[in-house]
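Notes to accompany the following structure.
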Amino acid sequence: MTGVGIDGIEIHTGKLRLDLPETFAPAMGDSPEKYTKGLGLHASSFPDTYEDIVTMGANAAHRLMRRKGLEPDDIGRIDVATESAFDHSKPVSTYIAGCLEDVFEGDFHHANKGERKFACVAGTQSIDDAYNWIRADRHRGRAALVITTDTALYARDDPGEATQGAGAVAMVIDEDPDLVELSTEQGYGSADETDFLKPQQQFPSVDGKRSVNVYLARMREALVDYQRVGGTIHAEDFRLGPFHTPFPGMVRKAALLAYRHITRDTDIEDELAAEIGRQPRSEAFDDDETYREALSEYTDALKETERYRSWYDRTIDPTLDISRRVGNWYTCSVHVARVSGLKSLAEDGEDAAGKRLLVGSYGSGAQAEIHVETIQENWREEIDALNIDEQLADRYELTFAEYEDVHDAHNHDEDAAVEEFTTPDSEFAFDGWGRMGERKYRFVE
C-alpha cells in the first residue's frame, strides 16, 4: 500500500518584526527575561498593511506549487485552516484559489474547497481530511493543498500580547510523499472547554492559566489514546517531538509531562530510580492531594536529570527555533515546529530518513491529536528548498510606535490609515474593497 503524507511544504512569514526584549519589554515596563526566559520568545512577526491571511497563504502556496511543478489540474482539493477568517460564509480557500488562478494557467473549478475551524488544531485536521480523501481513492490521482494561515493578534495590554504573530504554511498532501509519511493511527483528547474563544469578536478572550492546564490535560489524553492503537511509546523511538507551540515555555511543560508518562514502567524509570526514586503510584497514597504533591516533586526532580535534559535538547528544543523568532501563528504552529526540527537536522548533516516524529497538535476549546510521521528519503531536498532564513532576515524592524500603528491598522474596530513599511515584490497583496465589501487582491510583479 502506497504511503500518504506531506509531499512538500512552504512557509511565509509576515514582513514586519517586533523585538520583544529590546523594543516591547521596555515600553511595557517589563524585564527582557520575562519574554526570553519565561515565554521563550525573542521576536514576533507581523503583517504589513498590504498583508493578511489570504496574501500570506497564497504566497506560500504559490511558491510551493511552482517548486513542485504543480498546476491547478493537479490539485483536487484546497483546505484552509484558520481562526482569523473575515467571512462567516465564503471560505478563505476560495480567495486563495482566485489569487493562484491569476498566476497559473488553468483553474481550480473542479477542486473541492473548504475551511476548517477548531482553533489551532484545524491545520492537522485538514491534513487528516486530505489523508482520508486520498486513502478512500476519491482523489482521482490528484493531490490536496492544505494551507494554515493566521494573524494572531490580541487586544492591547492583554497578557497574550507578547505571543502575537502572523504567517502561513502551505503543504501538499499526496501519495508517495517526499517529506514525511503519516501514520494510520491517531490519538485524541477532547473536551468542552472555555479557555480561549472569539464569540463574534476579533481579539480572543483567554483564561491564560486555565488554557495551559487544558492544553496539558488534552495532550496527555491524546497520548494515552494513541497508545491504545499505536502501541507503547518509548522515549528513544522518536527523533523529534514537534508540539503545538503558542510559546516555547508551554512546550517545556508539555514535554516534561510527556516524558514522565512515556518513561513510566520502562528501563529509563528503572535507571533513574537510584537518582530520583520511582514515579509515585496513586495506590500508594491515602488521598489524591498527597499523591499529586509527590508526583509534582518527582516531576521537578526529573526535569533536572541529565537523562531528561539530554532527551529534551535532542528531541524538543530543535523544534522551537523558528517559533522563538516569529511568535504564535495559531493553526500554523505545530507545522512550523515540524519544519524547525527538520531544518535543524538538515543543518547538522544528519541522515534522518526513516526516523520518526511524534507530533502533538492542539486547539483550544479543546482538542489534542497525537500521531506519528516517518521522515522520507527526499526530506532534505524539501527542507533545503525553504527560504525561511532569508524571510526572517529581511523583515522590517518596528519601533514601538510603529507597532502600535500596525496593530491599529489590523484592528477591525479602528479606522487607521497606515502607510506600508515594505514594498510587495513578486507576491500577492491586498488591493482594496469590492462592490459588496469583499476583499480584493492582486499579484505584484
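Go through (1) in a helix (DSSP H, G or I); (2) of a type outside the set (Asp, Glu); (3) more than 22 Å from residue 36 (Cβ to Cβ); (4) at pLDDT 95 or above for residue 278 and report which single condition fails.
(1)
Keeping to region 324-383, report how many residues are closer than 14 Å to residue 177 by Cβ and within 13 Å of the chain's Cα centre (by Cα).
1
Looking only at region 378-422, which residues are touching an Asp or Glu at 6+ places or on another chain (Cβ under 8 Å), within 26 Å of residue 351 (Cα to Cα) and surrounded by fewer than 21 Cβ atoms within 10 Å (Cβ to Cβ)?
The answer is 378, 381, 386.
Among the candidates 203, 238, 196, which residue alone is within 29 Å of residue 388 (Cα to Cα), in contact (Cβ under 8 Å) with a residue 12 or more places away in the chain and touching a strand residue (DSSP E or B) at 6+ places or on another chain (Cβ under 6 Å)?
Details: 203 fails: touching a strand residue (DSSP E or B) at 6+ places or on another chain (Cβ under 6 Å); 196 fails: within 29 Å of residue 388 (Cα to Cα).
It is 238.
Residue 25 is checked against (1) part of a helix (DSSP H, G or I); (2) touching a residue at least 60 places away in the same chain (Cβ under 8 Å); (3) touching a Ser or Thr at 6+ places or on another chain (Cβ under 9 Å) and fails just one. What number does that condition carry?
The failed condition is (2).
Out of curiosity, is residue 208 among the small types (Gly, Ala, Ser), farther than 17 Å from residue 261 by Cα and out of contact with any strand residue (DSSP E or B) (no Cβ under 8 Å at 6 or more places or on another chain)? First the steps, then the outcome.
Working: among the small types (Gly, Ala, Ser): yes; farther than 17 Å from residue 261 by Cα: yes; out of contact with any strand residue (DSSP E or B) (no Cβ under 8 Å at 6 or more places or on another chain): yes.
When the stated conditions are applied, residue 208 passes them.
One line per residue, one yes/no per condition, for (1) crowded, with 19+ Cβ neighbours inside 10 Å; (2) in contact (Cβ under 8 Å) with a residue 12 or more places away in the chain; (3) within 21 Å of residue 35 (Cα to Cα); (4) among the aliphatic types (A, V, I, L, M):
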{"position": "183", "(1), (2), (3), (4)": "yes, yes, no, no"}
{"position": "188", "(1), (2), (3), (4)": "no, yes, no, no"}
{"position": "212", "(1), (2), (3), (4)": "no, yes, yes, yes"}
{"position": "224", "(1), (2), (3), (4)": "no, yes, no, yes"}
{"position": "245", "(1), (2), (3), (4)": "yes, yes, yes, no"}
{"position": "251", "(1), (2), (3), (4)": "yes, yes, yes, yes"}
{"position": "258", "(1), (2), (3), (4)": "yes, yes, no, yes"}
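In region 216-238, how many residues are under 19 Å from residue 253 (Cβ atoms) and touching a Lys or Arg at 6+ places or on another chain (Cβ under 7 Å)?
Of the residues in region 216-238, 2 are under 19 Å from residue 253 (Cβ atoms) and touching a Lys or Arg at 6+ places or on another chain (Cβ under 7 Å).
So which of 428, 421, 400 ends up being more than 30 Å from residue 356 (Cβ to Cβ), hydrophobic (A, V, I, L, M, F, W, C) and touching a Cys at 6+ places or on another chain (Cβ under 8 Å)?
Values: 421 fails: touching a Cys at 6+ places or on another chain (Cβ under 8 Å); 400 fails: touching a Cys at 6+ places or on another chain (Cβ under 8 Å).
Among 428, 421, 400, only 428 is more than 30 Å from residue 356 (Cβ to Cβ), hydrophobic (A, V, I, L, M, F, W, C) and touching a Cys at 6+ places or on another chain (Cβ under 8 Å).
The values are calculated or read from the model by the stated rules, or taken from the named source; none is laboratory data. It should be emphasised that the depicted structure is a prediction, and the values quoted were computed from it without experimental measurement. Cβ coordinates were reconstructed from backbone atoms using ideal geometry, including for glycine residues, and neighbour counts include every protein chain displayed.
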